[in-house]
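Okay, so here's the structure we're looking at.
The values are calculated or read from the model by the stated rules, or taken from the named source; none is laboratory data. Since we're looking at a predicted model, the values are computed, not measured. Here the Cβ positions follow ideal geometry from the backbone for every residue, glycine too, while neighbour counts run over all protein chains shown. Surface areas here come from the heavy atoms of the whole protein model, side chains and all, with no ligands, DNA or RNA. Shrake-Rupley method; radii C 1.70, N 1.55, O 1.52, S 1.80 Å.
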Amino acid sequence: MFGGFGAGAMGGMPQRFEECYHCYSVAYADKSHLEKGDKILLPPSAFDTLARLQVDYPMLFRLENTEKGTQTHCGVLEFTAEEGTCFIPFWMMQNLLIEEGALLTVVNVSLPKATFVKLQPQHVDFLEITNPRAVLEHALRNFSCVTKGDVIQLPYNDKNYHFELKEVKPADAACIIETDCEVDFDAPVGYQEPTKEEMLARSRAGSEAGSMTSGGTGSSVFANMPKQSAYAPAEARSSACPSPTPSSMSGASGLPGGGGGDDGADGAKELQGVRLVDGKIVR
């Protein structure tokens, strides 16, 4: 391994975990799916060292690029990396301004539970999502912690959305595992408030759509349709809406032609759909 034990080591036993590794993106380990979160891969020797320490769980780490003075925080998925190397998501490498194979310092840390996080979408296309808050909450399940100033990547519907962490409380870095955290959004980068003219145009479009569905007078769109009687002469009825003839309703009391007869029964048989024959419903 590169680097050594942190300050305060006594008798060869470290007081905290701090090591340097050659850093590569998770694609080199055939684990591109880790781009969806903040988990990294460390070598088995790191687990041996951590097992001898009284570390908090879940294990959280601070990643430092001492050359550029950048840092971020993460969790660990497995201890399966080759000795002297570690694998991290590429979006984290971008935040750290680090290249493939460069040295990265990994330090075990304990972080407070997050209580508030504010994110800013880096493009207005995030507004096209139907329920952005639900999408964000689901995507953050793959994360262990958040760091103020980081730009995180969240995939959704075969597209990657990027968010800058504008605020993190109670500290600039916090754990989001099993915590009740309030999430807020800043306006997306490039977003512009609609002008009065645009708002007026939208209002007019909504009014026109409403008038089309209400007939413009508040009444039903069916109000202007021609009405017809169930007992109109046969030549005046619409074939699109067949109605029973008086003879077919001979069994109903109080209706014209209530006496009925063979002619009425024959006429009822010619009608399609539901009808009355001798006072009974026939389908």
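Pairs meeting the criteria (first residue in region 149-177 and closer than 17 Å to PRO188 by Cβ, second residue part of a strand (DSSP E or B) and basic (Lys, Arg), beta carbons under 6 Å, at least 6 apart or on different chains) are LYS166/LYS118; GLU167/LYS118.
The set of residues in region 29-46 being open to solvent by 40 Å² or more (accessible area, probe 1.4 Å), at pLDDT 95 or above and farther than 26 Å from PHE163 by Cβ consists of PRO44 alone. Residues in region 118-132 that are among the aliphatic types (A, V, I, L, M) and either under 29 Å from LEU53 (Cβ atoms) or surrounded by fewer than 17 Cβ atoms within 10 Å (Cβ to Cβ) (or both): VAL124, LEU127, ILE129. Residues in region 33-65 that are touching a Leu at 6+ places or on another chain (Cβ under 8 Å) and of a type in the set (Val, Ile, Thr): ILE40 only.
A Cβ distance below 6 Å, combined with a sequence gap of six or more or placement on separate chains, defines the contacts here; from region 55-72, residues that are open to solvent by 40 Å² or more (accessible area, probe 1.4 Å) reach residues that are at pLDDT 95 or above and acidic (Asp, Glu) in the pairs GLN71/GLU64. The residues of region 106-156 that are over 18 Å from GLY37 (Cα atoms), in contact with a strand residue (DSSP E or B) (Cβ under 6 Å, 6 or more places away or on another chain) and either among the hydroxyl-bearing types (Ser, Thr, Tyr) or outside any strand (DSSP E or B) (or both), listed by number, are PRO112, THR115, PHE126. When only residues in region 149-161 that are surrounded by 17 or more Cβ atoms within 10 Å (Cβ to Cβ) and out of contact with any Ser or Thr (no Cβ under 7 Å at 6 or more places or on another chain) count, which is nearest to THR70 (Cα to Cα)? Taking the candidates together, the pick is ILE152. I'd like the residue in region 78-111 that is open to solvent by 20 Å² or more (accessible area, probe 1.4 Å) and within 26 Å of the chain's Cα centre (by Cα) and, out of all such residues, is nearest to PRO44 (Cα to Cα). So, considering only residues that are open to solvent by 20 Å² or more (accessible area, probe 1.4 Å) and within 26 Å of the chain's Cα centre (by Cα), the one nearest to PRO44 (Cα to Cα) is PHE90.
When ASN95 is tested against (1) in contact with a Ser or Thr (Cβ under 7 Å, 6 or more places away or on another chain); (2) not in a helix (DSSP H, G or I), only condition (2) is not met. The residue pairs whose first member lies in region 84-98 and is touching a residue at least 24 places away in the same chain (Cβ under 8 Å) and among the aromatic types (Phe, Trp, Tyr), whose second member is buried (at least 17 other Cβ atoms within 10 Å of the Cβ) and assigned to a helix (DSSP H, G or I), and whose beta carbons are closer than 6 Å, counting only pairs six or more residues apart or on different chains, are PHE87/VAL26; PHE87/ALA29.
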